[in-house]
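Participant: Here you go, one structure.
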Amino acid sequence: MKIAVIGTGRVGLPLALAFVEAGVEVTGIEINEDIRNTVTIDKTMPFLEPGFEDVLKAGKLKMQESLEGLQDIDCFIVTVGTPLLHHIETDLSAITRVIIDLARRIVPGQTIIMRSTTAPQTTEYVKKVLEKNSELEVGKDIFLACCPERILEGKAREELFSLPQIVGTQDPLSAEKAQQLFDKLGTEVLHCDYITAELVKLFNNVSRYAYFALANVLSMIAIDYDAEPYEILKLTNHKYPRPITSKPGFTAGTCLRKDFGMLSEAYWSADILISSWRINETMPKFLVESAKRRWGDLEKRNIAVLGYAFKKDADDVRDNLTDKLLRYLHRECPSQIILHDHLVNEAEVIQLHDMKFSTDLDQTIESADLIVIATNHSLYTENREKLLDQVKNNQCRIVDLWDSLDTGKVFLDNTQL
Ligand SMILES: NC(=O)c1ccc[n+]([C@@H]2O[C@H](COP(=O)([O-])OP(=O)(O)OC[C@H]3O[C@@H](n4cnc5c(N)ncnc54)[C@H](O)[C@@H]3O)[C@@H](O)[C@H]2O)c1
């Protein structure tokens, strides 16, 4: 079997490498030259995603810029980005470009697998664009399936070979072609129609988004009453068979936030997803205002913000909430702000007047009198004693929404130690 993966970003590249590992002949189509060179010349991952080192070194993944010369491909897998526009509206431009290009080149017998996350009815739209621009019929001449990616960034290697595959098709031959493809990964295949596949993926993500919002609103209400969110969570869940399973924290990132938008774009009414969005998005402002209410003005403070990636132990900065936190802190005109993250690429960090960036934790916290842990990287938990010493010895205060330091306190000062 020969396949082409179109868009070898954080989803496409691990998927392409998993198929290489499974013995499939794979070509990655990628417009970004840096990614192509990193994969084929350096033979390394362009981002943090462990487990693919050996298969990369073997050099079997071919890469090219365009769809030129791929008439003998059995299956094209589309994994380009599907962001939201500024309003609650899905941006289909990358998908449309790829599908029109494919439609003009596709030959009978070839299959297209939609792997990107898409709003309801997008696969139906793709089918129409394909048929209009190729004059071939889906289900008869060519084949189409919606098989959304559900991996967790950082765990792709493990989950690609274990998660069941959702395969949405509307004709038996497309279902058969998609089944043959995913049989190569050895995972269970669950068949359904396009809409069901699209909704399964979106609800897998938005349920997490809404669970986090519940823990976040619990924190906000508790903090407003000067109660401790982590004590409430502990008592709520202690030997209770129906526990609250999520913890508070900055909840954003490239998938969770936008996927709620894909579900919300067709509905005018306020709903649980819009409410979750408001709760999760206001958390940075809420923390800044609550810190001021407790500890006074931030004007003369030396502030250290720890963590810039949108999630723990990742290097992905897209759609993080630290940006927002930094802007709110910046508006308070503190003496200085130092941002720390040891994993992200400095070139991707927001530029704010007077703000410094460091990858050295000791240097970041040495003169800090206010520390905000924005991302719960393991490094901060590993340096728990050092951070708590800063509170004990240097009158420093810490905002720790994630409870990374395991004190059970979101707002920590030396009166509590
Ligand atoms: N990142 C995740 O953890 C994750 C998980 C599940 C699903 N998804 C979904 O998967 C899709 C891709 O997400 P991602 O994080 O990999 O995005 P990404 O931006 O990292 O990757 C997309 C890649 O496609 C390339 N590209 C764009 N247009 C192209 C074209 N015409 N031809 C060739 N290459 C092209 C881009 O250069 C980029 O490298 C999105 O729909 C996303 O919602 C992401």
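Taken together, the values in this text are just the output of simple stated rules run on the coordinates, not laboratory data. Note that the structure is predicted; figures quoted are calculated from it, not measured. Quick reminder, even Gly has a Cβ in these numbers, built from the backbone with ideal geometry, and neighbours come from all protein chains shown.
Participant: Compute the FRET efficiency between Lys356 and Asp171 as 1/(1 + (r/R0)^6), taking r as their Cβ-Cβ distance and R0 = 45 Å, and round to the nearest 0.05.
Facilitator: 0.20
Participant: Would you work out the relative contact order for the chain, in percent, from Cα pairs under 8 angstrom that are 6 or more residues apart?
Facilitator: 11 percent
Participant: Size of the dipole of the chain about the Cα centre, Lys and Arg at +1 and Asp and Glu at -1 on the beta carbon, nothing else charged, in debye to 20?
Facilitator: Result for the chain is approximately 660 debye, rounded to the nearest 20.
Participant: Give the relative contact order (percent, whole number) for segment 275-373; include only Cα pairs under 8 Å separated by 6+ residues.
Facilitator: It rounds to 33 percent for segment 275-373.
Participant: Would you mind ranking Ile77, Ile350 so that the residue whose beta carbon has the fewest other beta carbons within 10 Å leads the list?
Facilitator: Ile350, Ile77
Participant: Same structure, new question: Give me the net charge for the shell around Asp319: Cβ to Cβ below 13 angstrom, other residues only, Lys and Arg +1, Asp and Glu -1.
Facilitator: Taking every other residue near Asp319 into account, the sum is 0.
Participant: Along the charge dipole of segment 1-97, pointing to its positive end and built from +1/-1 on Cβ of Lys, Arg, Asp and Glu, which listed residue (Leu15, Val55, Val26) has its Cα farthest out?
Facilitator: Val55
Participant: What's the exposure ranking of Val288, Val189, going from fewest to most Cβ atoms within 10 Å?
Facilitator: Val189, Val288
Participant: Given labels modelled 7 Å from the Cα in the Cβ direction, how far is it in nm from Glu231 to Asn345?
Facilitator: Spacing of the two 7 Å Cα→Cβ label points: 4.6 nm.
Participant: I would also like to ask the following. Helix-only estimate, please: 222 nm mean residue ellipticity of the chain, summing -39500 (n - 2.57) across DSSP H runs of length 4 or more and dividing by its residues, to the nearest 500.
Facilitator: -12000 deg cm²/dmol
Participant: Another one. Rounded to the nearest 20 debye, what is the charge dipole size of segment 2-192 about its Cα centre when +1 sits on each Lys and Arg Cβ and -1 on each Asp and Glu Cβ?
Facilitator: Computed about the Cα centre, the dipole is about 80 debye.
Participant: Using +1 at the C-beta of Lys and Arg and -1 at the C-beta of Asp and Glu, which of Gln351, Gln416, Pro83 has the Cα lying farthest in the positive direction of the dipole of the chain?
Facilitator: Ranked along the dipole, the leading option is Gln416.
Participant: Take the alpha carbon atoms of segment 203-416, find their radius of gyration, then divide it by 2.2 N^0.38 Å using N residues; give the quotient.
Facilitator: 1.01
Participant: Follow-up question, since we're still on this one. What ranking do Leu287, Leu352 get, fewest neighbouring Cβ atoms within 10 angstrom at the top?
Facilitator: Placing the least packed residue first, the sequence is Leu352, Leu287.
Participant: With the crude spin-label approximation of a point 7 Å out along Cα→Cβ, what separation in nm comes out for Gln71 versus Asp389?
Facilitator: That separation, rounded to one decimal, is 7.0 nm.
Participant: Hey, any idea what Rg/Rh is for segment 153-286, computing Rh the Kirkwood way over Cα pairs?
Facilitator: 1.08
Participant: Next question, about the same structure. List, in order, the whole-Hz ³J(HN,Hα) value for each residue of segment 333-342 obtained from phi through the Karplus relation with A = 6.51, B = -1.76, C = 1.60 and θ = phi - 60°; use x for Gly and Pro.
Facilitator: Going residue by residue, I get 6, x, 4, 7, 10, 10, 9, 10, 7, 8 Hz, with x marking Gly and Pro.
Participant: Collect residues whose amide H, placed 1.01 Å from N in the peptide plane, falls under 5 Å from the amide H of Leu339; neighbours closer than 5 in sequence don't count.
Facilitator: Amide H neighbours of Leu339: Val305, Lys356, Phe357, Ser358.
Participant: Also, I was wondering about something else. Relative contact order, percent, of segment 2-192 when contacts are C-alpha pairs under 8 Å separated by at least 6 residues?
Facilitator: 20 percent
Participant: Along the three principal axes, how long is the chain when you take its alpha carbons, biggest first, rounded to the nearest angstrom?
Facilitator: Dimensions of the chain along the principal axes of its Cα atoms: 72, 48, 41 Å.
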